[in-house]
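The values are calculated or read from the model by the stated rules, or taken from the named source; none is laboratory data. These figures come from a predicted structure and were not determined experimentally. Positions of Cβ are backbone-derived with ideal geometry, glycine not excepted, and every protein chain shown enters the neighbour counts.
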Amino acid sequence: MAATMVSSAGGLLAMLNESHPSLKLHALSNLNSFVDQFWPEISTSVPIIPLVRESDFLSDGEMELNDGNPCNRESLYEDEEFDQHQRQLAALLVSKVFYYLGELNDSLSYALGAGSLFDVSDDSDYVHTLLAKAIDEYASIKSKAAESNDEAANVDPRLEAIVERMLDKCITDGKYQQAMGIAIECRRLDKLEEAITRSDNIHGTLSYCINVSHSFVNRREYRREVLRLLVKVYQKLPSPDYLSICQCLMFLDEPEGVVSILEKLLRSENKDDALLAFQVAFDLVENEHQAFLLNVRDHLPVPKSLPSESTESAPAQNESTAAAEDVQMTDGTPASNANVRETDPKEVSYAERLNKIRGILSGETSIQLTLQFLYSHNKSDLLILKTIKQSVEMRNSVCHSATIYANAIMHAGTTVDTFLRENLDWLSRATNWAKFSATAGLGVIHRGHLQQGRSLMAPYLPQGGSAGGGSPYSEGGALYALGLIHANHGEGIKQFLRDSLRSTTVEVLNFQVIQHGACLGLGLAALGTADEDIYDDIKNVLYTDNAVAGEAAGISMGLLMVGTASEKAGEMLAYAHETQHEKIIRGLALGIALTVYGREEEADTLIEQMTRDQDPILRYGGMYALALAYSGTANNKAIRQLLHFAVSDVSDDVRRTAVLALGFVLYSEPEQTPRIVSLLSESYNPHVRYGAALAVGISCAGTGLSEAISLLEPLTSDVVDFVRQGALIAMAMVMVQINEANDSRVGTFRRQLEKIILDKHEDTMSKMGAILASGILDAGGRNMTIKLLSKTKHDKITAVVGLAVFSQFWYWYPLIYFISLSFSPTALIGLNYDLKVPKFEFLSHAKPSLFEYPKPTTVPTATSAVKLPTAVLSTSAKAKARAKKEAEQKEKVNNEKTEAAGKGKSSSEKEGDSMQVDTPQEKKAEPEPSFELLTNPARVVPAQEKFIRFLEDSRYVPVKSAPSGFVLLRDLRPNEPEVLSLTDAPSSTQSPAGGSTTGQQGSASAMAVDEEPQPPAPFEYTS
Amino acid sequence: MDPKLTEVSQLFERFKAAITRKDYDSCTELLSHLKVLLTSFRSLPPLFENTPNSIHELTLARDIYEHAVLLSVKIEDQDAFERDFFQLKPYYTDAGSRLPPSPNEYMILGLNLLRLLVQNRIAEFHTELELLSSTALENPCIKHAVELEQSFMEGAYNRVLSAKQNVPNETYGYFMDLLAKTVRDEIAGCSEKAYDYLSLKDARQMLLYTSDKELLQYIEEEHPEWETKNGSVFFQKAKESVPCKEIPSLQLINQTLSYARELERIV
């Protein structure tokens, strides 16, 4: 017989009104089990359900609902015979009804009244929903309490109990990630610790926790607390993960902790520990926190004795001398002068290791290696520049200097200045400020050339005393260039720049230009060091109230004080109100904004002050302050504020900047940006559209994100010229290092750029944008990308600051060079114990074509009316000799081509083929392999990182398996001789296949490069 | 036989005896005891578990509740009636297919309809009506209630009052008395809206009273806001008390302005 089902809860509800208590109880418990079915009926009778006391409610919302029949309920709950259990049961029932009605607040407050009857382990929608609600509620109460610094937050103990029950359940069930998430959200560090220590894979959970705390903990203070806890847990572990600890310590700004760890590792007998210490140091350097790194280095003990020729085993000796030389080169420490015979081998190795680590921490080792990598792998396409140069009108100075900018960006950090050398005549057309930027461009090209930077720039630098030697513009530019070369690593050059600044007095002709350059240079070199003396020097310049020098001084002060939130900001603000010069105000506004970099809530008062100012320029600075203080946090409050200004401010400049600032706030979540600014990108106001384009460019830089490209595409053909300019630049930033195989739109974009540049009728503004875009697209010899986050998800302070100042180019073109600060090389560089680059192969488990360099451009045909079939040339020349030879070749090809023009495509392609040194066409014919062997050091673009595998039977094993950056390698066969692929000596001849560029590079370096990072001879281009 | 069942049966016999004795106090007490005992049977609603004695238990429980309903009419307790009726209802609707039909079913359903009519809960009245089968509608008890409702709706109040004479069951008398009052309330409500004032004579006729004294007493008890002077009843006061609604102009203006402001901001 089919079971009979009740069709209505009416009977049970009626029973509730019975006077006998046991009848009520019976009715309640039955209703409770049938509530899922009959809640609509029960909901109409909620008022008659006997209830808990009102003081037990969290909110009073339900009172309105029950107003219909309050007396009924009152009379029942005051019934003393209504015992505790019954009340709880009633509360649970009402809670369920409210849950079905969608009134979660009420439901929760009644569920709390239900006490232990509310079973967290029950697997029903009701329980899940309410638990989520309870946790949300609890978390918001806790965080509100924390924000108002109210220790005695009156949290409902029952609420707390539920959350704790839930946490305990998660931990016992092994759902540690959930438990950690809840604990962090609810600010229960005790529970967090418990969850971590009780988890089965502590390392995994810890790293998960670090990720979570970076991406989801919004308040800086609280994040620090979490990290401090993590460090504590880490240190308790038997085998601590030093890499992660040091990252945490860096965020907490506790150099002592890092020092003690490093020391411990260095003192160890084991060579692997030393490798680990080096790896830690490299990882710290990657985050570009200069002040912190200097602190760590200063805290490290100075090696008492220096390694000398010891009579230890032969390989050890070699190593130590090699290291000593290396140190001497990098650090300038007189390492090999020691004739002292060291007796204690332990001390020797310790001292030697100390020297190495100091070299790494100062950033010199990594900079030098990067420089070598960029030089040897330079793939920039001179033909693009040539095309630009030819198509740009001679008299158009904007496009002329844009070409110079593009060249600098294209060759950033490669030390290749072939283009400039070949076109000295053309270059000499740059006068005044164009000359300033042309000289400064050398700084970008030679970026990181720390040892020879000064001698490189020597011919242009102001000669002490004998003024009038060079033009003040090139002198100023040279000072700026020195700053760019030494950006964020200005130990060695600071003093020189200071002296130059001081010695430039009012008597000197065009003194303000030199001061401008010196201020910028000094700011760059002393980035974030908060050096009081330098600050005072710059302040003196500011107080001369000269517009040109003052602007640079304002920015420079900001650079100096980046992220310190010092009270100097008040001083700067006061002067900004005082001065008459808009330029100075603008410089100061940006400077003030820079001082609050990354301070999040701490900056709120200052931001408030700036955004409420009468002066639009200061409000504009306020937007930057918002952008930088909350950079990369995706903080909702900041976004809301920015969006508000973006639509409501009266000044176009402020609106543009507000939208642009969104890019900075959101760069940690690039997927979000296109969605958020998509409406703004269709605004009627061109300034807002421009801002939207740059916002996408900044936050999605180097990602090649499809939505970003789709958003920018229509903007590149906007009706307003400067919007086109912004969109082109932004597009280039997004597409940097993406090749056509990845996204076909890259090819389209390249062709569009070419078209704009060649088009005679195009506006100068968009033409300039196109020229810059071609530069950015091939940044750093196609081996650099724009990266604002390090691999460990820390902000790269230099990069962010660089982009922020770069976005000022709207007002002042020379600031374009700041973009070079945001470039970081995309390479995997494996290092052995001696910090040399051994030959070592690893696997990229993807089709080579996905990540290969873009094909070199074709020679534009002179008679451009008909699209002629063109030959593919290998034009990636690196040395000037090579380039010269190529010029001859090209002529030849041109001749050939005119002959071949009529013959059709196939024949001309063949011709091209025969010219090829490395024949890609032939490779194409056969099916493409699904993997590729890369040789250390190799270009690994960000998208490629997930395909990188290390070979199992390799001689070298990485200390940490990172897909890019500097990786220390453990040598499993230390007795075999090592083959080095990047050395200071002419490398390519030594190692037969030095790098992925095969024969070509070999021949190139054999022909031209004798001593690689030698300063090229200076050239003059005085007009 | 199950000892518990026996206990209930015995108690029920005592309860029935008490009813015939008209000892209503002990009836109520016994009934409450019975109900508590019934909760321990798992075959009863809402669980409806299949136990060997389920049919017997269900029948007994239904009997008990039917008596409880009748008792509530006798002691003139409308709330108790409602409670007991709702508890009885599942035996008719859900368990109806398993039990032999009860002779009292239609009588009790009709009583309930009448109660709803008395309490002027017309919506619920029709809901109940819809749930009944066509054969049930033919039953004189039900038919009576339906006809009453029709007269009530038509406004044929005299027919309602005269229907008291031909009730199908003597238990209906209590509700029929109450119905008269419901009808008067209805009339009073309509007159209030329809007239500014009425002479006492007209009012008496309208409210179906036989004497002025009864009328005045009714006015005093139910409608103290009515005014009686110069041999007339004035309804003015009641009308005045209804406040006239204002147009929320300020709120509307504010809203419109804010829309305009938002529109301006659209980018």
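General remarks:
- Residues of segment A:613-622 that are more than 19 Å from A:E567 (Cα to Cα) and out of contact with any Asp or Glu (no Cβ under 8 Å at 6 or more places or on another chain): A:Q614, A:D615.
Every residue, every condition in (1) within 14 Å of chain A (Cβ to nearest Cβ); (2) surrounded by fewer than 20 Cβ atoms within 10 Å (Cβ to Cβ); (3) of a type outside the set (K, R), yes or no:
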site	(1), (2), (3)
B:E49	yes, yes, yes
B:A95	yes, no, yes
B:Y106	no, no, yes
B:L114	no, no, yes
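- Among the residues making up segment A:635-668, those that are assigned to a helix (DSSP H, G or I) and polar (S, T, N, Q) are A:N636, A:Q641, A:S648, A:T657.
- Helices (runs of 4 or more DSSP H) (entirely within segment A:1-104) containing at least 3 residues that are modelled with pLDDT of 65 or more, closer than 22 Å to B:E124 by Cβ and within 14 Å of another protein chain (Cβ to nearest Cβ): A:10-16, A:21-44
- When B:H56, B:H67 are screened for being more than 13 Å from every other protein chain (Cβ to nearest Cβ), in a helix (DSSP H, G or I) and within 25 Å of B:F175 (Cα to Cα), only B:H67 passes.
- Residues satisfying the stated conditions in segment A:109-146, i.e. more than 20 Å from A:G181 (Cβ to Cβ) and assigned to a helix (DSSP H, G or I): A:S109, A:Y110, A:A111, A:L112, A:G113, A:G115, A:S116, A:L117, A:D125, A:Y126
- Of all residues making up segment A:718-741, the number that are surrounded by fewer than 24 Cβ atoms within 10 Å (Cβ to Cβ) and either within 17 Å of A:V659 (Cβ to Cβ) or modelled with pLDDT of 90 or more (or both): 5
- The set of residues from segment A:92-129 being within 14 Å of A:D156 (Cβ to Cβ) and touching a helix residue (DSSP H, G or I) at 6+ places or on another chain (Cβ under 6 Å) comprises A:N105, A:L108, A:Y110, A:A111, A:L112, A:G113, A:A114, A:G115, A:F118.
- Residue list for segment A:642-654, restricted to those being surrounded by fewer than 18 Cβ atoms within 10 Å (Cβ to Cβ), at pLDDT 90 or above and within 11 Å of chain B (Cβ to nearest Cβ): A:H644
- Residue satisfying condition, being surrounded by fewer than 24 Cβ atoms within 10 Å (Cβ to Cβ) and over 15 Å from the mean Cα position of the chain (by Cα), within set A:S807, A:S774, A:S744, A:S766: A:S744
- Residue check, A:Y208 among the aromatic types (F, W, Y), without any contact (Cβ under 8 Å) to a residue 40 or more places away in the chain and buried (at least 16 other Cβ atoms within 10 Å of the Cβ): yes
For (1) assigned to a loop (DSSP other than H, G, I, E, B); (2) of a type outside the set (D, E, K, R), each residue gets a yes or a no:
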{"position": "B:R98", "(1), (2)": "yes, no"}
{"position": "B:P101", "(1), (2)": "yes, yes"}
{"position": "B:M107", "(1), (2)": "no, yes"}
{"position": "B:G110", "(1), (2)": "no, yes"}
{"position": "B:L114", "(1), (2)": "no, yes"}
{"position": "B:L117", "(1), (2)": "no, yes"}
{"position": "B:A123", "(1), (2)": "no, yes"}
{"position": "B:T127", "(1), (2)": "no, yes"}
{"position": "B:L132", "(1), (2)": "yes, yes"}
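- Flag if A:S710 is assigned to a loop (DSSP other than H, G, I, E, B) and not hydrophobic (A, V, I, L, M, F, W, C): no
- Taken over segment A:673-702, the criterion of being of a type in the set (S, T, Y), surrounded by 22 or more Cβ atoms within 10 Å (Cβ to Cβ) and out of contact with any Ser or Thr (no Cβ under 6 Å at 6 or more places or on another chain) is satisfied by A:S681, A:Y690.
- Positions within segment B:30-47 being at the interface with chain A (Cβ under 10 Å from one of its Cβ atoms), surrounded by fewer than 17 Cβ atoms within 10 Å (Cβ to Cβ) and not in a helix (DSSP H, G or I), in sequence order: B:S40, B:L47
- Matching helices (runs of 4 or more DSSP H) fully within segment B:178-267 where at least 2 residues are in the same structural domain as B:V118 (by TED's automatic domain parsing): none
- Residue count for segment B:17-29, restricted to those that are within 25 Å of the chain's Cα centre (by Cα) and part of a helix (DSSP H, G or I): 6
- Segment A:655-671, residues that are of a type in the set (S, T, Y) and either surrounded by fewer than 24 Cβ atoms within 10 Å (Cβ to Cβ) or farther than 17 Å from A:I786 by Cβ (or both): A:T657, A:S668
- When we screen A:G528, A:G563, A:G550 for residues that are crowded, with 20+ Cβ neighbours inside 10 Å and at pLDDT 90 or above, the only hit is A:G550.
- Put simply, of A:A708, A:A692, A:A701 the only residue that is out of contact with any His (no Cβ under 6 Å at 6 or more places or on another chain), free of Cβ contacts under 8 Å to residues at least 40 places away in the same chain and more than 14 Å from every other protein chain (Cβ to nearest Cβ) is A:A708.
- Note on segment A:215-259: residues that are in a helix (DSSP H, G or I), of a type in the set (A, V, I, L, M, F, W, C) and under 27 Å from A:N636 (Cβ atoms) total 9.
- Qualifying residue in segment A:769-776 (condition: β-branched (V, I, T), free of Cβ contacts under 8 Å to residues at least 60 places away in the same chain and out of contact with any strand residue (DSSP E or B) (no Cβ under 9 Å at 6 or more places or on another chain)): no
- Among the residues of segment A:655-689, the ones that are within 11 Å of chain B (Cβ to nearest Cβ) and under 17 Å from A:L590 (Cα atoms) come to 2 in all.
- Summed over segment B:70-93, the residues that are more than 12 Å from the chain's Cα centre (by Cα), within 12 Å of chain A (Cβ to nearest Cβ) and among the charged types (D, E, K, R) give a count of 2.
- Qualifying residues in segment A:235-253 (those that are over 22 Å from A:R220 (Cα atoms) and not hydroxyl-bearing (S, T, Y)) - the one surrounded by the fewest Cβ atoms within 10 Å (Cβ to Cβ): A:P238
- Unique match (being under 23 Å from A:T370 (Cβ atoms) and crowded, with 24+ Cβ neighbours inside 10 Å) among A:L479, A:L484, A:L522, A:L501: A:L484
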